[in-house]
Structures are given as structure tokens and as C-alpha cells.
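The values are calculated or read from the model by the stated rules, or taken from the named source; none is laboratory data. In this text the structure is predicted, and so the values were computed from the model without any measurement. Cβ coordinates were reconstructed from backbone atoms using ideal geometry, including for glycine residues, and neighbour counts include every protein chain displayed. These accessible areas exclude ligands, DNA and RNA; they are computed on the full protein's heavy atoms, side chains included. Shrake-Rupley method; radii C 1.70, N 1.55, O 1.52, S 1.80 Å.
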Amino acid sequence: MIYFDNSATTKAEKEIIDTFVTVNEKYWANPASIHEFGHHTNELLQSARAQVAEVLKTTKEKIYFTSGGTESNNLAIFGLVNKYKLRGNHVLISEIEHPSVLEAAKMLQLQGLDVEYIPVNKDGIVSIEDVNLLLRNDTVLVSVMHVNNEIGAIQPINEIASIIKAKSRAVFHMDAVQSFGKTLVNFEEQHVDAITISSHKIHGLKGSGLLALKNTIEIDPILYGGGQEYGIRSGTTPVPLAVCTAKAIRLANSHVEQHAARLKSMTDDIIFFLKTFASIKIISPEIRAPHIVSFAVRGVKGEVIINALQKEDVIVSTSSACSSRQTKTSHVLKAIHIEDDYIKGVVRLSFSYMNTIEEVEHFKKIFTKVISVIKGD
Ligand SMILES: Cc1ncc(COP(=O)(O)O)c(C=O)c1O
């Protein structure tokens, strides 16, 4: 099988699965227990937290292990708005955020907050001028994703951060679920206040991830209970998942530049190949994340291509895993004004370091065959 759906999820690293088993077998105490077994388990948890803090360049007290990207985004949106509510009532998010930010923001709106959406251009990129125009004295939170999961657009995070800091007291959250491991992400590279990471997108385990804050930022919890994770995320911390998250983060970060260069050369090659078909439009922008190629075939439904490729053991997806089982048009494709001829036909190929040049070559052969059958050439 050739698997080009890594933005939906990645295959867990063998080393990480082994770690999960070992930690479950040897460190299954509750890390909050005061006996020695609990103490040893807690030491392991704290060392995982410290490792993540070192990679992200913050302190370990600002790392909160969660159940993944969705929870971290919800925690950021509700927790930061609540913490800093005295600063104002206005929230800004980009119009192409993941549903875990968009839907949380809609809920804020229902609670009476003033939520506004930063538009994107045809490449899916927000303009600094728009951010400048929309920012207000009472803006409390801005949330902009680093890399878009459907088309791979990269946002000018540092420019956005500069204008936020110059003009307002808003806290800046960045969803780095699709960028971590593909480009450098940390509080020194990105001048943001909060970062969301999901483990299963970086060869870790599903149902795990984290929210990290810059040293100076505080947050309110959204889950109340026993006060674990410094009171920010109650519930017995799943130590095996936290340790595996730390491992996935360390592994992904240690090879990031090398992997990004390889991914870029594979996806450049695929784009060059796809451009040889007159009926194909490349949807991903020129400046894009190295692992995502989104394209559409004129007048052909995306699922027809996906099913035909699947019969040949090539796994790809529609524009996003979240919307791929829904019939409604993706909000991202609408926001970048894809023409009607193409909008139903968007296919996303997404890569990881586990893919090879040989797979790319095989894909080209299969795709040529599949397209000629579909189009009846
Ligand atoms: C950009 C982005 N944010 C958040 C999420 C949600 O992450 P999780 O699946 O860990 O809840 C995803 C998952 O597709 C994503 O692509």
C-alpha cells in the first residue's frame, strides 16, 4: 500500500509503540500518588514535560498534555479568553481555521463575544493589512493556524505577531498541528503566546497532544477536577501517552530540516507531473508546506479519483479528513474561491518522511492509468 494521507494521520513509529508498551508495563502508577511507585512514575512524566519544554523553548510548567489537537485548540480558545477577559470582548480568527477552532469560536459568539474572521487571499494567506485593520483595543485573542491542513498554505506568523504586539494586548495562539515536524516550531522561531501540537500527525499516538504557553502567559482551565497538569487539565495524566508525545516531538524536531527538504523535493516532483495534465489545477499555493499537495481535476469528483486510486492500493483523501465524509463544500475551498468546475474534485496528497521516491514514481504510473480510465481517453 502507498499511503499519501499523512495530514489525516501518520503511522506510529515502532519505537514509540514500544515505549508505550514499556511505560504501561513498568510505570502504571498514578503519578499523583504519594507512594514511591507513584513518585517514580511522576518523575518520568516530569522528564517528558521537561524534554518538550526544551524543544519548544519554554518552561515545563507551561506544557499541558491533552487528548490532542482538538482539545488543545479548545483549551486555548476558551482558556485564554477567560483568563484575559478583562482585556476585552473581541476575538479574531482566520476564516480557514480547523473546525476545532472555528466551532469553539462560534460557541464564544453564542456566549456574547464579538468574533471576527480574518479573510484569506486566493492562496489561503491572511494579509497583514487585514489583521491591522481588524485589531482593536479590546481584542483579547487572535488565533491563526501555522499551516492549513487542506491546502498547505503557510501563514506569515511572525509578521502577524509583530502587528498584534504593536497594536494590542491580545494573546496570540497558533495551531501548529500541521506544521510541527515539517518546519521549526518553538517560541523563539514564532513570536506567539500559545502553540497546539497533536501527536498522531507526527508519528505519535492518537488521542494525545499538548498545549504549550510562553513563560509569561497564563490560562484558565476548561476541565475541572483533581487539578492535574498544574490545575489546567484535570484528569489523571496518561503518563504513557505523555511520554510518547514527548518522544514523538523530540524525534520529529531532531530531523525537521532534513525531512522538510526531502518532502519538498517529492512534492515539487508530483506538482511538476500533475501540471502535465491540462484538466488539472493545482490548488496548493506556490509557497506551501513541504508535505501537502492539493489539486483538482476539472469536472471529476474527488471521491471518484480517491476510489479509483484505492483499488490500486494508493491511499489519498479529499481536501481534509474531517470534511471528507461530509457532503458540504469545504470552508477553506470556499474562502479561496475555487471555481465551481473544480470545487467538488479536490484531492489532497499528504506526505511524511516514511514515503519514498519509489512510491512517488509508482503513484505517477498509477495516476496516469486511473485518469485515462476516468476520462475515457
Ligand atoms: C490543523 C489541525 N488542527 C487540529 C486538528 C485536530 O487534531 P486531533 O486530531 O489531534 O484532534 C487537526 C486534525 O486534522 C488539524 O489538521
**Study point:** Residue in region 119-128 that is part of a helix (DSSP H, G or I), open to solvent by less than 30 Å² (accessible area, probe 1.4 Å), of a type outside the set (Gly, Ala, Ser) and under 27 Å from residue 283 (Cα atoms) present
**Key:** no
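Condition check: outside the structural domain of residue 217 (by TED's automatic domain parsing), in a loop (DSSP other than H, G, I, E, B) and touching a Ser or Thr at 6+ places or on another chain (Cβ under 8 Å). Does residue 293 satisfy that? It would help to see each step written out before you state the result.
Details: outside the structural domain of residue 217 (by TED's automatic domain parsing): yes; in a loop (DSSP other than H, G, I, E, B): no; touching a Ser or Thr at 6+ places or on another chain (Cβ under 8 Å): yes.
No: the conditions fail for residue 293.
Hey, could you check region 202-245 for residues that are farther than 30 Å from residue 163 by Cα and of a type in the set (D, E, K, R) and say which is least open to solvent (accessible area, probe 1.4 Å)? So that I can check it myself, show each step before the final result.
First, pick out the residues of region 202-245 that are farther than 30 Å from residue 163 by Cα: 202-208, 223-231, 233-245.
Keeping just the survivors that are of a type in the set (D, E, K, R) gives 206, 229, 233.
Details: 206: 124, 229: 10, 233: 40 Å².
Only one residue fits best here, namely 229.
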Study note, to complete from the structure: When region 35-68 is checked residue by residue, the ones that are open to solvent by less than 50 Å² (accessible area, probe 1.4 Å) and touching an Asp or Glu at 6+ places or on another chain (Cβ under 7 Å) are 64, 65
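For region 277-290, give me each residue that is hydrophobic (A, V, I, L, M, F, W, C), part of a loop (DSSP other than H, G, I, E, B) and touching a strand residue (DSSP E or B) at 6+ places or on another chain (Cβ under 8 Å). If you could, list the steps in order and put the result at the bottom.
Going through region 277-290, the residues hydrophobic (A, V, I, L, M, F, W, C) turn out to be 277-278, 280, 282-283, 287, 289.
Next, from what is left, pick out any that are part of a loop (DSSP other than H, G, I, E, B): 277-278, 283, 287, 289.
Hits for region 277-290 are 277, 283, 287, 289.
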Check your understanding: What about residue 131, is it away from the ligand (no atom under 16 Å from the Cβ), open to solvent by less than 20 Å² (accessible area, probe 1.4 Å), assigned to a helix (DSSP H, G or I) and among the hydrophobic types (A, V, I, L, M, F, W, C)?
Key -> yes
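Please enumerate the residues belonging to region 146-168 that are within 16 Å of the ligand (Cβ to nearest atom) and closer than 17 Å to residue 187 by Cβ. Before you say what the answer is, go through the steps one by one.
Step one: of region 146-168, the residues within 16 Å of the ligand (Cβ to nearest atom) are 146-155, 157.
146, 155, 157, listed by residue number.
Give region 1-54 a look and list any residue that's small (Gly, Ala, Ser), more than 19 Å from residue 355 (Cβ to Cβ) and in contact with a strand residue (DSSP E or B) (Cβ under 9 Å, 6 or more places away or on another chain), or say none. Before the answer, list the steps.
The first filter runs over region 1-54 and keeps only residues small (Gly, Ala, Ser), leaving 7-8, 12, 29, 32-33, 38, 47-48, 50, 53.
Add one more test, that the residue is more than 19 Å from residue 355 (Cβ to Cβ), and what stays is 29, 32-33, 38, 47-48, 50, 53.
48, 50, 53 - these are the residues of region 1-54 that are small (Gly, Ala, Ser), more than 19 Å from residue 355 (Cβ to Cβ) and in contact with a strand residue (DSSP E or B) (Cβ under 9 Å, 6 or more places away or on another chain).
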Check your understanding: Residues in region 90-108: is at least one in the same structural domain as residue 186 (by TED's automatic domain parsing), more than 17 Å from the chain's Cα centre (by Cα), open to solvent by 60 Å² or more (accessible area, probe 1.4 Å) and at pLDDT 95 or above?
Key -> yes
